[in-house]
Amino acid sequence: MIAGFARTLGMVALMAAAIAVPVSEASAKEPLAKTLFGAAKLPAALPAKSFGFYSKGCFQGGVAIATDGPTWQAMRLSRNRRWGHPTMINLIEKLSRDAVADGWPGLLVGDISQPRGGPMLTGHASHQIGLDADIWLTKMPSKTLSATERENMSAISVIKSKGLTVDEKIWTPEHARLLKRAASYPEVERILVHPGIKKKLCETVTGDRKWLRKVRPFWGHDYHFHIRIGCQPGSSGCKAQDPTPSSEGCDDSLAWWFTEEPWRPATGPAQPKARDVMTMASLPKECRAVLAADSPKSELAVTIGGNGTAMAAAAPMPEPAPVQAAASSVTSALSAFAPTPETQIPMPRPRPRQ
């Protein structure tokens, strides 16, 4: 238990350190980075590269996934967050095709990144370097959604209301197959899900379980899952995350999430969010050039298009490679395999303050 708690707190501390920004910058004359990056409507017309870390950086050479494809529909179009590194956009398109072949009716694609990445005006702390994407856990309807429906339609949580385990009336084997398919790609390093989803997978997955090591429990992520791919070739300025543990993660590190500790309200004075104080001085120096770079001639020229046509020059996705073998974990007495008692601990929507 203590080891699992320490590992999780260590991960949170690392993320907090990565996005830490002196509050004094808020009073600087330089505008906030979120304002500058949020105003960019098109990507930087340069070779695809990511700079910095997932929660403190930017990227150039981005492409957009089309609003509609044969096996996906993009949501929340007004946010203009359909952009990513070409490898990420191609991966989403491939996942959508493979998922349909597996029995999922199509992807509803959530936020990826802004056209040039960087901190966002609202929402995510990460998604800044074109290597993160949110996929809804709601199945794509058979009809094409209108722009208004895409703005107002709510994703469906797969977790019980005020609980920490999956709602068996909503969760299906198809959800598990979708996550397994996403984890099967060698480019994918992590998939973030609600702890209750991870617990369900630990309890029910049979056969090959090596892919479970990529599925990591985290706050929120009850109505979508978060795909993160690694730094791509040619992006020497991209800061990688530590590798995921070799175990399945169905041990005391998961059991910790089913104690009161992770859900206790934050104490002390509220701290400003990093995006509300972060200026360009906090980001990699390359991000200034990314902001200043010319745009492509049109959005269409840099869009991975509907009907499976890539209108932007992007490398084809390789075939999935076998996931490296992982050591089997030893289940402790606090294992997530044990029945989870009814709890009154509320499930928070926002991530607790750091």
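The values are calculated or read from the model by the stated rules, or taken from the named source; none is laboratory data. Remember, it's a predicted structure, so these values are computed and weren't measured experimentally. With ideal geometry, Cβ positions are generated from the backbone for all residues, glycine too; neighbour counts draw on all protein chains shown. Side chains are part of the model used for accessible areas, which takes the heavy atoms of the whole protein and leaves out ligands, DNA and RNA. Shrake-Rupley method; radii C 1.70, N 1.55, O 1.52, S 1.80 Å.
Heavy atoms only, 1.4 Å probe, whole protein assembly: order R79, R150 by accessible area, highest first.
Ranking R79, R150 by accessible area, largest first, yields R79, R150.
At 10 °C and a viscosity of 1.306 mPa s, what translational diffusion coefficient does Stokes-Einstein give for the range 53-180, taking Rh as the Kirkwood radius over Cα pairs? Give it in µm²/s as a whole number.
Translational D for this selection: 104 µm²/s.
Out of the total accessible area of the range 72-141 (probe 1.4 Å, heavy atoms of protein only), what percent is carbon and sulfur?
52
If the cut-off is a Cα-Cα distance under 15 Å, which aspartates and glutamates reach K273, setting aside same-chain residues fewer than 8 apart in sequence?
Within the straight-line cut-off, K273 pairs with E25.
Spin-label point model (7 Å from Cα, Cβ direction): what's the T35 to A176 distance in nm?
My value for the distance between the label points is 5.1 nm.
How big is the gap, in Å, between the Cα center of the range 167-227 and the Cα center of the range 115-133?
Taking the Cα centre of each part, the range 167-227 and the range 115-133 sit 22 Å apart.
Less than 12 Å apart at the alpha-carbon level, and either on another chain or at least 8 residues along: which aspartates and glutamates does that give for K180?
Qualifying aspartates and glutamates at Cα under 12 Å: D98, D102, D208.
If the limit is 28 Å between Cα atoms, which of K160/K214; K29/K297; K162/K214; K94/K214 go over it?
Checking Cα-Cα distances, K29/K297 exceed 28 Å.
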